[in-house]
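In what follows, a single structure is set out as C-alpha cells and then discussed.
All of the numbers you see were taken from the coordinates with simple rules; none came from a lab. Computed from a prediction, not measured in an experiment: that's the story for all the values here. Here the Cβ positions follow ideal geometry from the backbone for every residue, glycine too, while neighbour counts run over all protein chains shown.
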Amino acid sequence: MRLFKCESCKGVLFFENSHCMTCNQRLGYCAEAVKFIALPEVPEGGVAEAPLTVEVALGAGKRERFMRCKNFTEHDSCNWLVREADGEPYCLSCRLTAIIPDLSDESNRKAWVELESAKRRLIYTLRALQLPVRSRKDDAEGGLSFHFLRGTDEAPVTTGHAEGLITLNVAEADASYRENLREKLGEGYRTVLGHLRHEIGHYYWDVLVKDAAPLEAYRQLFGDERASYEEAINRHYGEGPPENWSESFISAYATMHPWEDWAETWAHYLHMVDTLETAKSHGLTVRVPGVPAGTARVSTDELTLGDFDSLMEGWQAVTLALNSLSRSMGMKDVYPFVVSEPVRDKLRFVHETIQASAKPAARGAPAKATLLAPAAAG
C-alpha cells in the first residue's frame, strides 16, 4: 500500500486515515482520483442534514463533486468518498456488502469495521491491477457481493465463495478466535485480509480462467479442477496434506484441490504486490539474500509490476528482511512460507493472467510513483 499526502499540510497519510495526524484536517479517500481529499468541516452541532460535497479533479480537466460514504457519516466506519453523480449513498467498497451483522451489538460493530477496512484495502489492490470490480447491482449474474455474518451453534457460518458471493464469518475479526483456529489447523498465517484475498481468488478464477484461454495451461500447473471437491475435502481433513507438500504448494491447504491451490497462490500474489508497493513507498533498499555485504542490492524504487522476475527478486529480499526483523522483536515470521520453483511457476501464471486481463491502456505501463498504479476512473 502506498503512502499518501495531506492536501493541506503535505503530511504523510496512511490508507486508513480520516484525519491528518499533523494538521487535523478532515479527509476522505477518493478511489476515482486515487488520493485523499481535504473535506469541509461538518457544521457545529453534528452531522449535516444534507451530505457535504467537495469538487475533485479527476484529470484531463475533468472535475466532479463527491460526498462522504453513508458509512462515513453514520457509523464513522469508512473513509471513502462517493461520486455525487452516481446517485449511490455508499462508496465503491461499501456498496459491495449486502449483509452485515447486527450493529446494536458492540462486538459486531467492531468486527464489521475491521472487515470493511480490510475489504477497502483489497478493493484498492484489485483496481490497481486493473481487474474488474462490479457489484451485483451493476452485474446481477457476474457481480460481487459480500455477506458478513455472525454464526451461532444452530446456524454456523462458513467462510467461502459461491458464484461471486463471498461469505465471511464475523468471528474472524476476533484475534483470539482467529489465533485459536490457526493453531488448531496448523496454519502459519491467518488474517482477515488473507481470507478476503483467498476468497476473491475463487471469484477471479471464474472470471479469468474458467471459460478462457488459460484453462489448459492452468490444469497443467494446478491440476484438473473437475476432480470431485467433496472427495478432496474428505481426503484432506481425513489424511492431511502429502508429506512433501512444500515442494510444490504454497500452503498445506493448497494441496486439497486445484481450486484451493489457485486461490492460495492468488492470495499470495496479492500479498506480494501490496507489500512490495508498501516497501517502494518507503524507499526500501535491501541486500539480495546469500550475497556478500556491499554487493547486490534490491531497490524497491526500481520495481515495476510488469516484470515478474524483478518482483520475485524483490519479494525474496524483502520477506527475508521482514522475517528477520520480526524475529528480532521476538515475534513469529511475518511471511512463514517457502516459494519453491513449482510455486514460482504458479505465481507467474497468476501474474501473467492478471496482466493479460488489464485494460490495454494500462497493460505494462510503469507506475510513476508506486509499484501499482490504481486506475483513475472516469
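With θ set to phi - 60° and the Karplus curve 6.51 cos²θ - 1.76 cosθ + 1.60, what are the ³J(HN,Hα) couplings of segment 118-129 in order, to the nearest whole Hz, using x for Gly and Pro?
With coefficients 6.51, -1.76 and 1.60, one gets 5, 5, 4, 5, 4, 5, 4, 5, 4, 5, 5, 7 Hz.
For P(r) over Cα pairs in 10 Å bins from 0, in percent, the listed values are [x] 5, 21, 32, 27, 12, 3, 0; [y] 4, 18, 25, 23, 16, 9, 4, 1, 0; [z] 5, 22, 27, 21, 15, 8, 2, 0; which was obtained by calculation from the structure presented?
[x]
Using Cα springs under 10 Å in a Gaussian network model of the chain, which residue among GLU231, GLU41, GLU154 shows the largest mean-square fluctuation?
GLU154
Run the simple label-point estimate for GLU302 and GLU239 please: 7 Å along Cα→C-beta, distance reported in nm.
Distance between label points: 4.7 nm.
Quick one: which residues, 5 or more positions from SER135 or on another chain, have an amide H under 5 Å from its amide H? H modelled 1.01 Å from N in the peptide plane, none for Pro or chain starts.
Under 5 Å from the amide H of SER135: LEU144.
Can you compute the label reach from GLU141? Point 7 Å from Cα along the Cβ direction, backbone N cut-off under 19 Å, restricted to segment 195-217.
203-213
Which residues in segment 1-27 place their backbone N less than 19 Å from a point set 7 Å from the Cα of ASP86 along the Cα-to-Cβ direction?
15-18, 27
Which percent, to the nearest 5, of DSSP beta bridges fully inside segment 92-208 are antiparallel?
Beta bridges within segment 92-208, antiparallel portion: roughly 25 percent.
So for each of 96-103, 67-74 I average, over its residues, the number of other beta carbons within 10 Å; can you give me the resulting order with the highest mean first?
67-74, 96-103
If you place +1 on the Cβ of every Lys and Arg, -1 on the Cβ of every Asp and Glu, and leave all else neutral, what size is the dipole of the chain about its Cα centre, to the nearest 20 Debye?
1380
If you plug each phi of segment 155-165 into the Karplus form 6.51 cos²θ - 1.76 cosθ + 1.60 with θ = phi - 60°, what whole-Hz ³J(HN,Hα) values come out, in order, with x for Gly and Pro?
Working through the residues one at a time gives 9, x, 10, 10, 5, x, 10, 8, 6, x, 8 Hz.
Can you list the HN-Hα couplings for segment 62-77, worked out from phi with the Karplus curve (6.51, -1.76, 1.60; θ = phi - 60°), rounded to whole Hz and with x for Gly and Pro?
Result, rounded to whole Hz: 8, 10, 9, 9, 10, 9, 5, 4, 4, 6, 6, 7, 8, 10, 6, 10.
Which residue, ASN180, ASN169, ASN323, has the most motion in a Gaussian network model of the chain that connects Cα atoms within less than 10 Å?
ASN180
Quick check: the distance between the Cα centres of segment 146-195 and segment 224-250, to the nearest angstrom?
Using only Cα atoms to place each centre, the spacing works out to 20 Å.
Just tell me which lysines come within less than 20 Å, Cα to Cα, of LYS119; anything on the same chain fewer than 8 places away is out.
LYS35, LYS70, LYS110, LYS137
Put +1 on the Cβ of each Lys and Arg and -1 on the Cβ of each Asp and Glu in the chain; which of LEU52, LEU181, SER324 then has its Cα farthest toward the positive end of the dipole?
LEU52
Please give me the summed charge of the neighbours of GLY142: other residues whose Cβ is under 14 Å from its Cβ, Lys and Arg +1, Asp and Glu -1.
Working: positive: ARG134, ARG136, LYS137, LYS210; negative: ASP138, ASP139, GLU141, GLU163, ASP206, ASP211.
Taking every Cβ under 14 Å from that of GLY142, the sum is -2.
Tell me which residues come under 5 Å, amide H to amide H, from ARG287 once H is placed; ignore anything under 5 positions away on its chain.
VAL298
Which value, in debye to the nearest 20, gives the size of the charge dipole of segment 92-208 about its Cα centre, when Lys and Arg are +1 and Asp and Glu are -1 at the Cβ?
Around 520 debye, computed over segment 92-208.
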